[in-house]
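Worksheet: one structure, shown below.
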Amino acid sequence: MGQKKTVVLGVTGGIAAYKTATLASMLVKSNLDVQVLMTENATKFISPIVFETLTGHKCLVDTFDRNFEFNVEHVALAKLADVVMVAPATANVIGKLANGIADDMLTTTVMACRKCRKILAPAMNTEMYLNPVVQDNMKKLEGYGYEIIAPASGHLACGDAGLGKMPEPEVLYEYIYREVAFEKDLTGKKILVTAGPTQEAIDPVRYITNHSSGKMGYALARVCAARGAEVVLVTGPTAVPKPLFAKIIQVTTAKEMFEAVKEEAEDADIVCKAAAVADYRPKAVSSEKIKKADKVLSLELEKTDDILLYLGSRKKPEQFLCGFAMETENLAGNSRAKLEKKNLDMIAANSLREEGAGFQNDTNRITLITRKDEIPLPLLSKEETAVRIIDKILEEISTRR
């Protein structure tokens, strides 16, 4: 995540505390400095030694612990923190924070953090969570600038089923990633991203599609949101987890994607069209399953709407339009011809012939092509590729000004 940032994790007395150990491990692996605070009750559910082993730091419980050249610990940590997350956050600690009660290391430190984002992940029995007092306390904290993560629904430790489960560590990680991974250089911009394949029906059972996984487009949406943008993701069917902080528009066919993009592109500052849209669809769709026969089956196909051509023909002077090209030959020539024909500002071109590039992989090897430049990137993760794409887009926009 670039320059090392400090994450303060608060752990309170709930059974979900075991999930926070996994979160701490994930954060450390992402090159973050993780400091853990626990309430006395939390130590009854999970040992502080677990967090000390994972983070390499003493897990703090005692309000009067001293360290950092004899500065009072809660103040020292508050000054270091780039983001604070309390997970799980019990009704008790939520009530204390909402009403200014600082009677332990955790609440004292969180209240001393005034300049960083404070995030709470409530976890408790459904009836407690829905109690009007708890709801009022959470609303009060939101008014003070805290972010409250909505709990999940499911089987609870008490045996009930309902709202109140702490989200999984992967979800909590995304909230921290959004805060500390990047500078917020896209704040105020709306970015439209398309991703995944489309599916064009042949009959109620079969369809035409391609091998796109959606990973590249999803990485772009995730990175843009973490850099402060308002992100709209128009996605075909995929098995990839949806980015948390984007408006998701789920579509199936090329026609549905075309209609969604037409509506959302009007006020978009940047459009990254990473979807692999079908070029053709069956001209006639059977209402019944087509039965297998000994003879050859022929399908008559018709062209789908060219979304990129449509966007390029209506591109506003201040908009930036980035297309994607997947080629098997003459990568630069075919991609540059596409850029010119469709009035793009940039095209991200990759070849199926390159090892590690293309569909399904977690990596990519692309060439960024603009009117003036042709920049081959090395083999990178798709997230790193997304970062480089956005960096180049911002560079082009700055040059345009």
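The values are calculated or read from the model by the stated rules, or taken from the named source; none is laboratory data. None of these values were measured; they are calculated from a predicted model. Every residue, glycine as well, gets a Cβ built from its backbone with ideal geometry; the counts of neighbours run over all protein chains shown. Protein only, heavy atoms only, side chains kept; ligands, DNA and RNA dropped before computing areas. Shrake-Rupley method; radii C 1.70, N 1.55, O 1.52, S 1.80 Å.
Relative contact order, whole percent, for region 259-337 stands at 41, derived from Cα pairs under 8 Å and 6 or more residues apart.
Protein heavy-atom surface of region 274-381, 1.4 angstrom probe: 48% of the accessible area is carbon and sulfur, with nucleic acids and ligands not counted. Loop-located GluC sites (Glu not before Pro) in region 210-304 (DSSP state not H, G, I, E or B) with no more than 16 neighbouring Cβ atoms inside 10 Å: 288, 300.
Solvent-accessible surface of the chain, taken per residue with a 1.4 Å probe and all protein chains present: 49 Å². Against the chain, whose longest principal axis is taken from its Cα atoms, helix 331-341 shows a tilt of about 80°. Annotation: the antiparallel percentage among DSSP beta bridges lying fully within the chain is about 35. Using only side-chain charges placed at the Cβ, +1 for Lys and Arg and -1 for Asp and Glu, the dipole size of the chain relative to its Cα centre rounds to 620 debye.
Every pair of different Cα atoms in the chain enters the Kirkwood calculation, which places the hydrodynamic radius at 23.7 Å. Annotation for residue 102 and residue 263: the two label points, set 7 Å from Cα along the Cα-Cβ direction, are 4.8 nm apart.
Tilt of helix 169-180 relative to the longest C-alpha principal axis of the chain, in degrees (0 to 90, nearest 10)? Compared with the principal axis, the helix lies near 90 degrees.
In the chain, the DSSP-assigned H stretches of four residues or longer account for a calculated mean residue ellipticity at 222 nm of -10000 deg cm²/dmol, using -39500 (n - 2.57) per stretch and the full residue count as denominator. The Cβ shell under 11 Å around residue 281 holds other residues with a net charge of -2, Lys and Arg each +1, Asp and Glu each -1. Of the solvent-accessible surface of region 34-169, computed with a 1.4 Å probe and all protein chains present, 53% belongs to carbon and sulfur. Ranking 310, 367, 337 by how far each Cα lies toward the positive end of the dipole of region 291-369 (charges on Cβ) leaves 310 at the top.
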